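*Asks:* Below are the structure tokens for one structure; questions will follow.
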Amino acid sequence: MSAENSDLKPDWSCFDAAWYKKRYAFVPGLLGIHHDGEIFDFYREFGESLGHSPNMFFDEDWYRAVYPDILLLIGSGEFRSGFEHYCATGFRDRNPNCFFDEKFYCQTELCMSCEELAPHGLRNGYDHYLRYGAQEGRDASLFYSIKLFLRENPDFLYDRDKGVFVAFLENFMDPGCIDRRTSPYFDPAWYIRAYPEVSEHMDAWQHPLRHYLINQTPTAFDPNPFFSEKFYARTNPDVETVVHDGYYRNTYEHFVKYGQYEFRRPSPKVDLETYATDPAITDAIGKSRYPSPFAAYAVLYGKLPESENQDRNPELICKRAYRHLAEVRTSAILNTSLDFSCDVPDLSVVMVVHDQFAFTMTVLASLRATYPGAIQLILVDGASTDETTRIEDHVMGIEVLQLPENSGFLIGSNLGLDKVAAPYVLFLNNDVELMPGAIDAALRRLRLEERTGAVGAKLVRTTGVLQEAGSIIWNDGTTSGYLRDASPHLPEANFVRSVDFCSGAFLMLRTEIVKEIGGFDPLFSPAYYEETDLCVQIRERGYDIVYDPDVVILHYEFGSGNQGNIDAVIGRNIGKFFHKNREYVATRYEKTGQNLIRARSSRREQKRVLFIEDYLPQPHIGAGFPRSNDIVHAMVDGLGLHVTVYPIFPPRSAPMERYRDFPDRAEIIWDRGLGELEAFLRARSGYYDVIWIGRIHNAARLRPVINACQPDLTGCRIILDTEAIATLRQHGRMRIMEEADIPAQADMLRHEFHATDFVDRFVAVRKMEADLISSITRQDVFVLGHMKTPRPGGLSFTERRHFLFVGAIQNLESPNWDALAWLNDHVVPYLDNFLPTDIRIRVAGYLGTDIDLSRILTHPRFELLGAVSDLASLYETHRVFIAPSRFAAGIPYKLHEAAAHGLPIVATDLLSEQVGWEAGSDLACVPQTQPMAFAGEMHRIYTDEKSWTRLRRNALHRIFLENRPDDYKNRILEILMPRQKETGNAIVAEPS
């Protein structure tokens, strides 16, 4: 150590007598020594042992506090002081004060080690910093950034020759300097306010940062208002463990080094991941204005930096456009009249507003346009100063509650609730616009589902992306809007779900329940988390909170509040919500990306089924898809399962609306197919309890995917619903066509089932096929037929006309193609001898793209209807149903469907055998080898009212006995969770 001190070359290893005399001013006066040599001698003889620092660059007290081994080394006599230790060895890897970090500087700023610096005449990174780095504006540590210091403190005066860092070290203990911010990661001004006991003893601590870094209870102090030690430890138990084991001083050290880059949440009110993805943030970090998103958040107090490219920000552009359009709409609306006058309302709407007149008029116009029914409109005005004060001049039938001040959403809503007269109440923001059908859909849900307590909306932001599709409560009390920033057309956003809560921007509830609860809890005043809490209270009373994708709302988002105050309010209310609803919150999922798919539904106990078919099983396609559709309905509507329907071959174009022929609570994945299935299963690892595969040929397609995803399907059962054995159909066709060298049926069966070794359970449509499957697979097989409810049409025999044929034709090998050709060529010519030519045979059904029925239906008696989405009207107006199939497999769904509608059937013996009905009693049937006899039966049933009535009655009775929905539901339940009763090789699932 040298006693020299150069003003031109800062040197941490030199004793600085001038600085020492200022810092320890009592020494010269008390001892009467003034010369630098005498001061140096005093330091060596007494000052070192007293813990004095030798210069401004080294902090002796701090060094001893941070490195506990130093006191032991001094006590043993090995070193006289921490400074001596630092000069000897500590300079290589230890820090001289709270503002410089050797490891950080060498690794982050220089990317050089001490050994690499030595050839340049530099002992360590601190040497480099004092000589060059500070002048270059480099960061000294996480807690000292020259660029930020100058940006935050433009009034700080310093000698340019010495530089900012030296000037700061000379003055950092001055009262005018201690609250100056040196880093984005530590806020000294806030720290002093938050911990007044530190301020009271600042002489001893010298600087807030010194206290924070060397106090003896490091987890008891937060560094800024955006990081909470308690919260971070609670939500990151892995970090709490390593802190307890001594790897980190506190959890903030972990967060600054790692957690912030993993987007771990630093406090309940900071959504770091969302903030980090904002274009203004990425732009600022890209320009090195801030070292990380959290640094920006901490410095800007959660606001976004002013961006040079704000005019290119889509959200900003869209919000600006929406405001302008609201003003344009309002000008037009004021030239018309809005009338909400009514006597007995269907619905009460409560809106709390403060100014934003154009927004208010826009939402009221959309409310009136989308629902013409009786609405009680209650507007609570929180001391507006704009045209809102005269809204009664523009809107008739409105009830206005004038408040003396802007009391906020919660208080205003509760005051409005007191005036509600309708059985349902809608709390509605004024920064929204309702899409057509929104009110009808929400009311319909509440009217039809008696255990639904509240209905929320699909909220779409002004950019056309989702704000949320239902919302999630996590087990730390924080919340997430599901699918934020995703497309509103995404399949995951377009099915009805029970959720934790829905946004108060649009929340329709049963008035009786809300009033029983007492409305929104004033604990959360003025706003935010109040709707979350209310939904929890409703759920705990046994009611559902339902997200309905048919309720579509355009939401400006934060248009009805002051963005600058929102984060602070939310932050306070998270803690209140957590403590009030601790038991409920404890049952929620931990906030992880993998849990998102599970947490989107509030029904944690609900079993989940992935239902895979060739195509989305829409009934109008025919060919076994109506039965698959029935199974989905039974699973969802009857058993309350969550079902995801996934096609091997997805539709070629996106649907313009939600699929209406599926249960609205079924998730219909229309935008992915076989190629995306593996990624889909991996993304939903461990999610499904059952995979239900439709049709045998899909086993070969899916086996590689299922095998590849085994770790993601642990505990998941694979069920193969064979629907129909293709071998029986193909073998029958070969015989009908009199083909040569027909393979043995047993060999064809073995080939058909060769890829089913991964299947846990098989399902057949009838017992005969179940026995065949069992003989090949050596497994028991469940039998599941069709589900139908008798719905006979009201028209009498004489009021009906014509024959009806229904059947899908996918290709030229279809049994229905052959049946129509046989009917045209061999049956209808005989029919001409019995019936007048104006008696038509009308053909309905889905046709493949290459199918042209005019090639085979040459007789004028045929009338082609094509695909018909709803066959009920055809069944109710025709007199006789015909099914002339000569080869087929499974059970003909169309026979059960026709019979359920009270339409008598003429079919071949083959179909009579498949359906298991009595010929001549339940349906008329003829061998498929006798076309003249078939024509005769068509004539007899068409003209003999007595026979027609008998067949109709008996078939309806069969449907009632054999195809009841409750039995069908129970059969599916037995398949999913079997209680087996063996009958031969087939298992008949008994109703419980």
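No lab work stands behind these numbers, since they all come straight from the coordinates. The structure displayed is predicted, hence computed values, not measured ones. We place every Cβ from the backbone using ideal geometry, glycine too, and count neighbours over all the protein chains shown.
*Asks:* Would you mind calculating the gained length between Ala220 and Glu739 on full extension (0.36 nm times residue separation, minus the Cα-Cα distance), in nm to one decimal?
*Replies:* Details: separation 519, 0.36 × 519 = 186.84 nm, distance 8.74 nm.
Extra length from Ala220 to Glu739 when fully extended: 178.1 nm.
*Asks:* Let me ask you something else. When only alpha-carbon atoms count, how far does the chain stretch along each of its three principal axes, as whole angstroms with the largest first?
*Replies:* Projected onto its principal axes, the Cα set of the chain covers 139, 77, 48 Å.
*Asks:* For an R0 of 35 angstrom, estimate the FRET efficiency from the Cβ-Cβ distance between Thr714 and Lys257 and round to the nearest 0.05.
*Replies:* Numbers: r = 35 Å, r/R0 = 0.99.
About 0.50, to the nearest 0.05.
*Asks:* OK, next. Order these peptides, 230-240, 51-61, 147-157, by their mean beta-carbon neighbour count within 10 angstrom, highest first.
*Replies:* On the way: 230-240: 17.5, 51-61: 22.2, 147-157: 13.4.
With the highest mean Cβ count within 10 Å placed first, the list reads 51-61, 230-240, 147-157.
*Asks:* Does region 726-843 classify as rounded, prolate or oblate by the C-alpha gyration tensor (a ≥ b ≥ c root eigenvalues; a/c under 1.5 gives rounded; else a/b over b/c gives prolate, otherwise oblate)?
*Replies:* On the way: a/c = 3.59, a/b = 1.63, b/c = 2.20.
It is oblate, given that a/c is not under 1.5 and a/b is not larger than b/c.
*Asks:* Using amide H atoms built 1.01 Å from N in the peptide plane, name the residues 5+ places from Thr452, or on other chains, whose amide H lies under 5 Å from its own.
*Replies:* Those lying under 5 Å, H to H, from Thr452 are Asp544.
*Asks:* When a footprinting reagent is the concern and you count Cβ atoms within 10 Å, what order do Met734, Met635 take, fewest first?
*Replies:* Numbers: Met734 17, Met635 24.
Sorted ascending by nearby Cβ count, the order is Met734, Met635.
*Asks:* Pairs Lys21/Lys147; Lys591/Lys969; Lys319/Lys458; Lys230/Lys576: which exceed 25 Å Cα-Cα?
*Replies:* Result: Lys21/Lys147; Lys591/Lys969 exceed 25 Å.
*Asks:* Let me ask another. Roughly how many nanometres apart are two label points built 7 Å out from the Cα toward the Cβ at Thr587 and Arg778?
*Replies:* Rounded to a tenth, the inter-label distance reads 4.7 nm.
*Asks:* Now a separate question. Which lysines have a Cα lying under 16 Å from the Cα of Lys303, excluding residues fewer than 8 positions away in the same chain?
*Replies:* The reachable lysines, counting only those whose Cα sits under 16 Å from Lys303, are Lys269.
*Asks:* Please list the radius of gyration and Dmax for region 609-683, considering alpha-carbon atoms only, with Å as the unit.
*Replies:* Values for region 609-683 (Cα only, Rg and Dmax): 11.9, 32 Å.
*Asks:* Another one. Less than 15 Å apart at the alpha-carbon level, and either on another chain or at least 8 residues along: which aspartates and glutamates does that give for Lys580?
*Replies:* Asp476, Asp521, Glu530, Glu531, Asp533, Glu540
*Asks:* If each residue of separation counts as 0.36 nm, what is the full-extension length gain between Asp159 and Arg289 once their alpha-carbon separation is subtracted? Before the final figure, lay out the partial values.
*Replies:* Working: separation 130, 0.36 × 130 = 46.80 nm, distance 2.43 nm.
Answer, rounded to one decimal: 44.4 nm.
*Asks:* From a point 7 Å beyond the Cα of Leu865 in the direction of its Cβ, which residues of region 615-635 have a backbone N at a distance under 19 Å?
*Replies:* 618-627
*Asks:* Return the sequence-ordered ³J(HN,Hα) values of region 136-142 in whole Hz as given by the Karplus equation 6.51 cos²θ - 1.76 cosθ + 1.60 applied to θ = phi - 60°, using x for Gly and Pro.
*Replies:* 7, x, 6, 6, 7, 6, 5
*Asks:* Gln402 label point, 7 Å along Cα→Cβ, cut-off 20 Å on backbone N: hits in region 318-362?
*Replies:* 351-358, 360-361
*Asks:* While we're on this one: Can you tell me which of 298-305, 389-396, 335-342 comes out highest on packing, and rank the rest after it, using the mean Cβ neighbours within 10 Å? Let's see the in-between values first.
*Replies:* On the way: 298-305: 18.6, 389-396: 14.8, 335-342: 13.2.
The most tightly packed comes first, giving 298-305, 389-396, 335-342.
*Asks:* Please express the shape of region 17-216 as an equivalent ellipsoid: the semi-axes are the square roots of 5 times the eigenvalues of the C-alpha gyration tensor, given largest first in whole angstrom.
*Replies:* Details: eigenvalues 128, 104, 64 Å².
Result for region 17-216: semi-axes of 25, 23, 18 Å.
*Asks:* Ala872 to Cys111: extension gain in nm, 0.36 nm per residue of separation minus the Cα-Cα distance?
*Replies:* On the way: separation 761, 0.36 × 761 = 273.96 nm, distance 7.73 nm.
That works out to 266.2 nm of additional length.
*Asks:* What list do you get for Trp692, Trp474 if you sort them by fewest beta carbons within 10 Å? Let's see the in-between values first.
*Replies:* Values: Trp692 26, Trp474 20.
Least to most surrounded, the residues fall as Trp474, Trp692.
*Asks:* Sticking with this one: Please state the relative contact order of the chain as a whole percent: Cα pairs under 8 Å, 6+ residues apart? Write out the running numbers ahead of the final one.
*Replies:* On the way: 1797 pairs, mean separation 58.5, N = 992.
RCO, the chain: 6 percent.
*Asks:* Next question, about the same structure. How far apart, in nm, are the 7 Å Cα→Cβ label points at Glu512 and Ser653?
*Replies:* If labels sit at Glu512 and Ser653, their model points lie 4.7 nm apart.
*Asks:* Now, a different point. Hey, can you grab everything whose amide H is under 5 Å from the amide H of Glu863? Only 5+ residues off in sequence or another chain; H modelled, so Pro and N-termini drop out.
*Replies:* Ile841, Arg842, Val843
*Asks:* What distance in nm separates the simple spin-label points at Ser487 and Lys9, each placed 7 Å from Cα in the Cβ direction?
*Replies:* 6.7
*Asks:* What order do you get for 408-416, 242-250, 937-945 when each peptide is scored by the mean count of other beta carbon atoms within 10 Å, highest first?
*Replies:* On the way: 408-416: 23.1, 242-250: 14.4, 937-945: 18.7.
Result, highest mean Cβ count within 10 Å first: 408-416, 937-945, 242-250.
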